[in-house]
Amino acid sequence: MFSGVRATVRQETETVSAEQKFVYDFTEGNRDLKDLLGGKGANLAEMTNLGLPVPPGFTITTEACKVYLETGTEPAPLRDEVSAHLDALERQMGKKLGDRTDPLLVSVRSGAKFSMPGMMDTVLNIGLSDASVAGLATQSGNDRFAWDSYRRLIQMFGKTVLGVEGDLFEEALEAAKAAKGTDDDLDLDAADLKKVVKTFKGIVKAHTGRDFPQDPREQMDLAVHAVFDSWNSDRAKLYRRQERIPGDLATAVNVCSMVFGNLGADSGTGVAFTRDPASGHVGVYGDYLQNAQGEDVVAGIRNTVQLADLEGLDKVSYEQLMSIMKTLEGHYKDLCDIEFTIERGKLWMLQTRVGKRTAAAAFRIAVQLVDEGVIDLDEALHRVTGGQLAQLMFPRFDESAKAERVARGIAASPGAAVGKAVFDSYTAVKWSRSGEQVILVRRETNPDDLDGMIAAEGILTSRGGKTSHAAVVARGMGKTCVCGAEDLDVDTKKRRFTTADGRVVEEGELISIDGSTGKVYLGEVPVVPSPVVEYFEGTLHAGADEEGGLVQAVHRLMAHADVRRRMVVRANADNADDANRARRYGAQGIGLCRTEHMFLGEERRKEVERLILADNDKDRDAALSVLLPLQKSDFVELFQAMDGLPVTVRLLDPPLHEFLPDITELSVRVALAEARKDPNENDLRLLQAVHKLHEQNPMLGLRGVRLGLVIPGLFAMQVRAIAEAAAERRRGGADPRPEVMIPLVGTVQELEIVRDECEQVLAEVAASTGVSLNIKLGTMIELPRAAVTAGQIAEAAEFFSFGTNDLTQTVWGFSRDDVEASFFTAYLEKGIFGVSPFETIDRDGVGALIKHAVREGRATRPDLKLGVCGEHGGDPDSVHFFHEVGLDYVSCSPFRIPVARLEAGRAAIETAGSDSR
């Protein structure tokens, strides 16, 4: 219908020079221009190119937004470009913006490169005024519709553009409904809505000092600026930090001719998914709301009907929508999220995008599309993440447990969440920061609730469906959510909800919500391991994958990740139990065995105390001789659990004071004994030792390699225990593969001295046992100096393992135990960090040192084996970095091994993809 006119539009708008082009008609873009047009604009253009029914419009680019945000004013050419596109749109539609007799109305909507649902601003019905509302009523033949549209404009514009508190409009609308004796805004007639408009205009005047703007172009320009400004709103910045979206992308603005779903029973608006975004199952999923505008569905103001019910309401539109959904999924080759409006039986497409989905849906859909021949396994692996896999490993509620169910809503985002009920975002944040687990309970959420949604364990609403704001945002964050629990009467002012049987739940009472079933319980419901964890543990019974093929999907993608990955994945494990678990989870060895954990326990701690208190060789040797067989037995068990796989044993690292009693506790004990005139000689000696070993900053004091250099025989004892345990296992026909790692080396001279001592011990054990031992000797790189001088250190080391926890501390000058509690929250809120450098590797600082150490180390020793053993080894983003810089392995805690395996495979695929391009 619009094709001929659109060709003219394209020709006319091309008169603007390409260098200064800030506005694109929907006919000019495509889905590959998301950086310039944002996701919404690019996809509107793509649907237009596909010949789908998209209302005409144009997109103001992200570049225009960047100029506006940097300078405080829009680019000089922008007004003329917008005027040219608006003139073309008016000719195309045969209407003038805000005309008195037959007004053209437009929506002004945000659209960033990455979906940020509800975080930025939208204004509908731009162009309505006191003069044009009558024209709209005449042309539509529906007075109620015209005045309903006008009150919506004033409400949205007042809140979004003029900064009027949104609750003022809501309260006025509620008062109007109360006066009518109804709780449904559809019961308000044209006369009622005229009064509401008058009231809304009074609110605007009272709180802004100006009348509601009557000039339609002024409305549009102010709305565009408001959308630009919303990129830097608090909620948008918070969402970007949460989702790790760069802050310098900016947003585009889409100006689209209005189509109306609030014209009566033959009109409506909806959101559809080509597959279930919560489970991934194939079917008809979505929500539809008759006689409503687009924001009503997402806002959850009224409960919707299921999309399948549209077939009975408007069969023609339903069948057309099903056809378009099939077209879009085939075109995008993925789950599509679609917004649509039906205006008097005519279907219009308002948006599409690759839909957000839960972790379970991501794995299921990826494998489904492989089986359907749409994508290959590489692409399927690319579409799931380690973060999603980690979510699938969270526990779930024990269905066999006795629990008091009080409601059932819509299973919007899966998971098992337990916490105290809170009824506003502020309380959720406050209680969460105090260490409380909370469930945010609302009638419906809105973008202003984002910080509370982040802080909460889960979200529960009494209104809305799978496409409501709460559901969409929760799924994107992997947060448990139950929506539309209609049996609950939520009273946010009284801070409580009432169940269908009259039970009142006050703020602070414990509740449990199941985002997989939609069930809501009172109290705390016990949890059991997820089927995915049972799969990794090997305890999932045959045929017990009741999760609809989820475990099978995980199995297939994990198997492909293992085929594709280059990096080995090892475990941080200190005992046989952890080692056995790690092996079940797919570990290919141990990258870090912390021997200090072997000295814990009352008996062993006493022997360490003897070692510390020894002031002569005889006493020291006696203490070491007792510790030797204990250490050996530990290593025998560990080597048995990891037979045939490498086990990297770190020699003693922490400061010795950690093995002694607390100085305050010991001082009190000594003082009390002296007061009783019954002093304890051992306590006195211990107190003296504690004072002697006391350091202002023990993490930078006598620890690591320095212990081995100043305490004769300590490292030799440990190496002897490792060697004797390996020899014993090898004589029994086993295949132990120990490696010895010296910690906290800062200079090659330290390593050379300790290495000589280790080699001497190894030679002695080999000679006495008659067993040939091939035990590699290496070091941790966890100090900046070690990284800078890695070329020298590699002369004495056969392998490096980057200790990224300490390396991060020493590069940043942070004491991890202190800074995370004291000022990291402020750093994150101010945007100094996008994420804690202890969680994800700091590529620019710590990462630069690692790159340098890799390059210099391998220049000296080309066969140098390289790994990482900090907790960064299990962080998805960090795994990709370690792949890029050429590490041979990552090592992490046993429960993070599946995540590291998956991400190592994804990193290999992405590298191969970029190389091929």
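The values are calculated or read from the model by the stated rules, or taken from the named source; none is laboratory data. Source: prediction; values computed, not measured. Counting neighbours? That spans all protein chains shown, and the Cβs are built from the backbone with ideal geometry, glycine included. Please note that ligands, DNA and RNA were not included when accessible areas were found on the heavy atoms of the full protein model with its side chains. Shrake-Rupley method; radii C 1.70, N 1.55, O 1.52, S 1.80 Å.
Results, tabulated for the structure shown:
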read-out: Gyration tensor (alpha-carbon) shape descriptor, the stretch 640-707, a/c threshold 1.5; value: prolate
read-out: Potential extension, Ala175-Lys692 segment - 0.36 nm per residue separation minus Cα distance; value: 178.7 nm
read-out: Peptide ranges 489-499, 517-527 listed from the most packed, as the mean C-beta count within 10 angstrom indicates; value: 517-527, 489-499
read-out: Phi-based couplings in Hz for the stretch 130-136 (Karplus 6.51, -1.76, 1.60; Gly and Pro marked x); value: 4, 7, 7, 5, 5, x, 5
read-out: List Lys201, Lys326, ordered by accessible area with a 1.4 Å probe, largest first; value: Lys326, Lys201
read-out: Reach of Lys692 by Cα under 16 Å, taken over aspartates and glutamates that are not fewer than 8 positions away in the same chain; value: Glu609, Asp615, Glu658, Asp662, Asp683
read-out: With eigenvalues of the C-alpha gyration tensor scaled by 5 and rooted, the stretch 420-465, Å; value: 17, 10, 7
read-out: Length-normalised contact order for the stretch 659-737 - Cα pairs under 8 Å, 6+ apart - percent; value: 18 percent
read-out: Calculated [θ] (222 nm, deg cm²/dmol) that DSSP helices of n ≥ 4 give over the chain, each run adding -39,500 (n - 2.57); value: -14500 deg cm²/dmol
read-out: Where only C-alpha atoms are counted, convex hull volume of the stretch 647-789 per residue in Å³; value: 137 Å³
read-out: In Hz, Karplus ³J(HN,Hα) per residue of the stretch 852-861 (6.51, -1.76, 1.60; θ = phi - 60°; x = Gly, Pro); value: 4, 5, 4, 5, 6, x, 6, 5, 7, 10
read-out: Surface accessible to a 1.4 Å probe, per residue, for the residues of the chain, Å²; value: 41 Å²
read-out: Solvent-accessible surface ranking, highest first, for Glu910, Glu399 at 1.4 angstrom; value: Glu399, Glu910
read-out: Reachable aspartates and glutamates, given that their alpha-carbon falls under 16 Å from the alpha-carbon of Lys177 and they are not under 8 places away in the same chain; value: Asp148, Asp167, Asp185, Asp187, Asp189, Asp192
read-out: Overall Cα dimensions of the chain, principal axis frame, Å, largest first; value: 105, 66, 57
read-out: Heavy-atom SASA rank of Lys34, Lys198 (probe 1.4 Å, accessible area, largest first); value: Lys198, Lys34
read-out: Residues whose placed amide H lies under 5 Å from that of Asn291, excluding near-sequence neighbours; value: Gly264, Ser267, Gly268, Thr269
read-out: The stretch 585-701, accessible surface, carbon-and-sulfur percent (1.4 angstrom probe); value: 50 percent
read-out: Rg ratio (alpha-carbon, reference 2.2 N^0.38 Å) - the stretch 292-429; value: 1.33
read-out: Trypsin sites (Lys or Arg not before Pro) restricted to the stretch 734-797 and DSSP loop, no more than 16 other C-beta within 10 Å; value: none
read-out: Contour excess over end-to-end distance, with Cα ends at Glu218 and Asp189 and 0.36 nm allotted per residue; value: 7.5 nm
read-out: Length-normalised contact order of the stretch 132-254 in % [C-alpha pairs under 8 Å, at least 6 apart]; value: 22 percent
read-out: Cα-based equivalent ellipsoid of the stretch 48-141: semi-axis lengths in Å, sorted from largest, via gyration tensor; value: 27, 17, 15
read-out: Percent antiparallel among DSSP beta bridges (both partners in the chain, rounded to 5); value: 60 percent
read-out: Long-range HN-HN contacts of Arg496 with modeled amide H, under 5 Å; value: Asp491
read-out: Eligible lysines near Lys865 by straight Cα distance, threshold 29 Å, same-chain separation 8 or greater; value: Lys632, Lys776, Lys851
read-out: The chain - percent relative contact order, Cα under 8 Å, separation 6 or more; value: 9 percent
read-out: Equivalent ellipsoid, the stretch 524-660 (semi-axes from 5 times Cα gyration tensor eigenvalues, Å); value: 41, 18, 12
read-out: Flagged links, alpha-carbon separation over 19 Å, of Lys159/Lys205; Lys159/Lys479; Lys96/Lys205; Lys40/Lys66; Lys606/Lys677; value: Lys159/Lys479; Lys96/Lys205; Lys606/Lys677
read-out: Over the stretch 165-262, volume per residue of the alpha carbon convex hull, in Å³; value: 163 Å³
read-out: Magnitude of the charge dipole, the chain, Cβ model with Lys/Arg +1 and Asp/Glu -1, debye to 20; value: 620 debye
read-out: Overall form of the stretch 250-353 per C-alpha gyration tensor (a/c, 1.5; a/b vs b/c); value: rounded
read-out: Cα gyration tensor shape for the stretch 787-858, rounded if a/c is under 1.5, else prolate or oblate; value: prolate
read-out: Cross-link pairs beyond the 19 Å C-alpha cut-off, checked among Lys113/Lys466; Lys402/Lys494; Lys315/Lys346; value: Lys113/Lys466; Lys402/Lys494
